[in-house]
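Have a look at the structure below before the remarks.
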Amino acid sequence: MLWAKTLIKNYFNYFLDLIFPKECVGCGDEGFWLCPKCKEEVIAIKRPYCPNCKTLNHDSRFCRNCRKNYKLSGIIIAGHYKFGPLREAIHTYKYDGILELEDFFRPLLINRLKNNLPQGKKIIIPIPLYYKKQRERGFNQAERLAKIIAQEFKLPLETKVLKRIKETEAQMSLKKKKRKENIAGAFKVITKNKIKNKTVLLIDDVATTGLTLNEAAKTLKKAGVKKVWGIVIAQG
């Protein structure tokens, strides 16, 4: 029965909070994973820009000078990574598995995407994790974020189209040249019929240089995708 499941869940969360009390990732205050004051310190991006050179534009696509280096049309970024507690929130969500932080990420993403979704027949695909990493972590943060976006905008979500076939190191820990080598050949399209001539919205939590998104876009376009846009919470 629904009421019984809800009661059990509430008791479980109560005892969990006693053993592992919530502490704000920004200031350490108890009772919140992200307190109201720290939420206000997160800076949402309202003026789109070229994801590479940061030149302001109207739709977050790569500018004329930068686009020759990318298979992506652009990257839509929701918030500033280097200002406020957003970096800590994403890190805690991804590595500590604090899924309640999705309650904060949801409006941040949705507000950024309202009236800003790319044109075309769209399909949502999350950046996949290598199977060993997903097994260790227990979930794929990109897939969970993709579900939020798919549900809000009533768009089809495909989680079995793109597969990561190569175990890679964390991109943020590597220098630029090593990052390219690290991610090269990391993805494979499993089925082409669902994505041909579509505009893919490729979801991840953070884009640093955009190389992971771009490598996935390269693989998707070879399989017949028309356009690929990245969507992330923040850019590192």
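Here are the numbers for this structure:
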item: For the chain, built as a Gaussian network whose Cα springs stay under 10 Å, the top-fluctuating residue of His58, His80, His91; result: His58
item: Options Ile190, Ala78, Gly230, ranked by Cα towards positive dipole end of the chain, top entry (Cβ charges); result: Ile190
item: Charge sum, other residues only, whose C-beta stays under 12 Å from Leu155's C-beta, Lys/Arg counted +1 and Asp/Glu -1; result: +3
item: Accessible surface of the chain [probe 1.4 Å, protein heavy atoms]: carbon and sulfur percent; result: 51 percent
item: Centroid-to-centroid separation of the range 48-90 and the range 186-228 [C-alpha atoms, Å]; result: 17 Å
item: Reachable aspartates and glutamates, given that their alpha-carbon falls under 20 Å from the alpha-carbon of Lys178 and they are not under 8 places away in the same chain; result: Glu167, Glu169, Glu215
item: DSSP bridge orientation in the range 82-236 - percent antiparallel, rounded to nearest 5; result: 20 percent
item: MRE, 222 nm, helices only [DSSP H, n ≥ 4, -39500 (n - 2.57), over the chain, to nearest 500]; result: -11000 deg cm²/dmol
item: Surface accessible to a 1.4 Å probe, Asp29 within the full protein complex, Å²; result: 80 Å²
item: Candidates Ala223, Ala207, Ala146, ranked by Gaussian network fluctuation over the chain, Cα under 10 Å, top entry; result: Ala223
item: Å² per residue, accessible surface of the chain at 1.4 Å; result: 58 Å²
item: The chain: most fluctuating residue of Leu201, Leu101, Leu56 per GNM, C-alpha cutoff 10 Å; result: Leu56
item: Aspartates and glutamates with Cα under 19 Å of Lys154, excluding same-chain neighbours fewer than 8 positions away; result: Glu102, Asp103, Glu143, Asp204
item: Amide hydrogen neighbours beyond the local backbone of Phe187, cut-off 5 Å, H modeled; result: Ile165
item: Nearest-20 debye value, the range 151-225 charge dipole, Cβ charges on Lys, Arg, Asp, Glu; result: 440 debye
item: Packing-based order for 63-75, 162-174, using average beta carbon neighbours within 10 Å, highest first; result: 63-75, 162-174
item: Residue (of Ala146, Ile98, Gly120) at the positive-pole extreme of the chain, dipole from beta-carbon charges; result: Gly120
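The values are calculated or read from the model by the stated rules, or taken from the named source; none is laboratory data. As the structure is a computational prediction, the values presented were derived from the model and not from experiment. Methodologically, a virtual Cβ is constructed for each residue, glycine included, from the backbone with ideal geometry; neighbour enumeration extends over all protein chains shown. Just the protein is used for accessible areas: all its heavy atoms, side chains included, with ligands, DNA and RNA removed. Shrake-Rupley method; radii C 1.70, N 1.55, O 1.52, S 1.80 Å.
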